[in-house]
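Below is one structure, written out as structure tokens; the observations come after it.
The values are calculated or read from the model by the stated rules, or taken from the named source; none is laboratory data. Just so it is clear, the model here is predicted, and its values are computed rather than measured. FYI the Cβ positions are ideal-geometry reconstructions off the backbone, even for glycines, and counts take in every protein chain you see. Note: accessible area is taken over every heavy atom of the protein model, side chains too, but ligands, DNA and RNA are not part of it. Shrake-Rupley method; radii C 1.70, N 1.55, O 1.52, S 1.80 Å.
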Amino acid sequence: MATNPRIFDDNSAFEEAAAAVVAETLAGAVGERGRAAIALAGGGTPRGLYNRLGGESWRERIPWERVDLFWGDERCVPSDHPESNFRMVEETLLSKLALLPERIHRVPTELGAEKAAAAYAEELWEVLGEEARFDLVLLGLGDDGHTASLFPRTPRLRDEERWVVTTRSPQPPHRRVSLTLRVLNAARRVVFLVRGASKAAAVARVVGRAAADDEEGDVPPAALVRPAAGEPLWILDRSAAGLLPTADPSVPGEEREGGER
Ligand code: 6PG
């Protein structure tokens, strides 16, 4: 049985493992249903993965022409702004693929936060239908336990109806648009990509957390990502896994069994 979390000692192994999961999941979805939909993570961690997916060794292994790309969240800045998650993906991945424009579904931040969220939800419905079910959702983790742009004590964190909400990040850019837990938890597969010692405490709070603890007031939003289709897969570097009880530093090699979850 594949291990979870999967812990890697160097960036290349981390990115290669993540690329293999993305390729396997998207190619499998296209094989089964003729198309696939992915929600991409923002922030800095996935940059290397996206560069790799657009590179020679991986580009041809994914049927990109049948894949609809969305973003898990977006900062309310222009799409060419240095802090834009769309711009980050454009630089690292889209610039290397000849994707049809209709396959690229960015958050239209030029409309302003609320209208952008409404338009994005509409596009989700048009492409994914009433289930809003992604084949794959890639997520990062903040050191406060946030994921996408769902922050601790976000007012609509547990909204069961909406698919997209506007939120406020403690870090600038403050205004955000984010998929909700309702959509994240409808996904066929969710993968967290987490690197760095600054995330170790958040990883330890979230990975393996019992659902029973979800009622606590300060539950890390990432801990509420509990897809009906199965537990999220965690791809970690050794630093981010450093406080996990099962991270056994004595086990050599790039991938250590981080214990079953
Ligand atoms: C964003 C992301 C956010 C990110 C985490 C981790 O828009 O910033 O969606 O949830 O994944 O904050 O960010 P890093 O990968 O930069 O550490």
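Against the numbered list (1) open to solvent by less than 40 Å² (accessible area, probe 1.4 Å); (2) in contact with a strand residue (DSSP E or B) (Cβ under 9 Å, 6 or more places away or on another chain), Arg209 comes up short only at (2). Restricting to segment 1-53, and then to whatever is assigned to a loop (DSSP other than H, G, I, E, B) and among the hydrophobic types (A, V, I, L, M, F, W, C), can you tell me which residue is nearest to Glu91 (Cα to Cα)? Only one residue fits best here, namely Ala41. The set of residues in segment 164-191 that are more than 18 Å from Asp144 (Cα to Cα) and open to solvent by 60 Å² or more (accessible area, probe 1.4 Å) comprises Arg182, Arg188, Arg189. When only residues in segment 17-64 that are modelled with pLDDT of 95 or more and of a type in the set (D, E, K, R) count, which is surrounded by the most Cβ atoms within 10 Å (Cβ to Cβ)? Filtering first and then ranking leaves Arg52. Residues of segment 184-199 that are over 15 Å from Ala223 (Cβ atoms) and within 14 Å of the ligand (Cβ to nearest atom): Val191, Leu193, Arg195, Gly196, Ala197, Ser198. Of the residues making up segment 127-163, those that are of a type outside the set (D, E, K, R), open to solvent by 30 Å² or more (accessible area, probe 1.4 Å) and either within 16 Å of the ligand (Cβ to nearest atom) or free of Cβ contacts under 8 Å to residues at least 40 places away in the same chain (or both) number 3.
The number of residues in segment 179-209 that are of a type in the set (Gly, Ala, Ser) and in a helix (DSSP H, G or I) comes to 6. Restricting attention to segment 72-93, the residues that are open to solvent by less than 30 Å² (accessible area, probe 1.4 Å) and without any contact (Cβ under 8 Å) to a residue 40 or more places away in the chain total 2.
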